[in-house]
Amino acid sequence: MEHGKTVALLCEEQGMSIQQLAAKCGLDEPRVLAIVSGRWTPSPAERDAVAAVFGLTREQLVWGHVTPIQHIYGHGPA
């Protein structure tokens, strides 16, 4: 397997739903959805749990936010 796949890509390739991934890794569905959609950067323990579902280590996956972070106050990015 090539280095650097996201959880979303792995789920798509394996036909795995958010519900299935949540059940297999032991995290709740809202957290898994946030991880898969790139809105949440998981803790090391969460990374280990998710990566283990795919038979990988956390270092073999790409983690982090993929959605832009907008300002809380004001009118967002200019």
In the stretch 20-37, how many are among the hydrophobic types (A, V, I, L, M, F, W, C), free of Cβ contacts under 8 Å to residues at least 24 places away in the same chain and open to solvent by 20 Å² or more (accessible area, probe 1.4 Å)?
3
Just the residues that are closer than 15 Å to Val62 by Cα and crowded, with 16+ Cβ neighbours inside 10 Å, please, taken from the stretch 6-19.
Thr6, Val7, Leu10, Cys11
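The values are calculated or read from the model by the stated rules, or taken from the named source; none is laboratory data. Please read all numbers here as calculations on a predicted model, not as lab measurements. Using ideal geometry, Cβ is built from the backbone for each residue, glycine included, and neighbour counts are taken over all protein chains shown. To get the accessible areas, we keep the full protein, side chains included, count just its heavy atoms, and leave off ligands, DNA and RNA. Shrake-Rupley method; radii C 1.70, N 1.55, O 1.52, S 1.80 Å.
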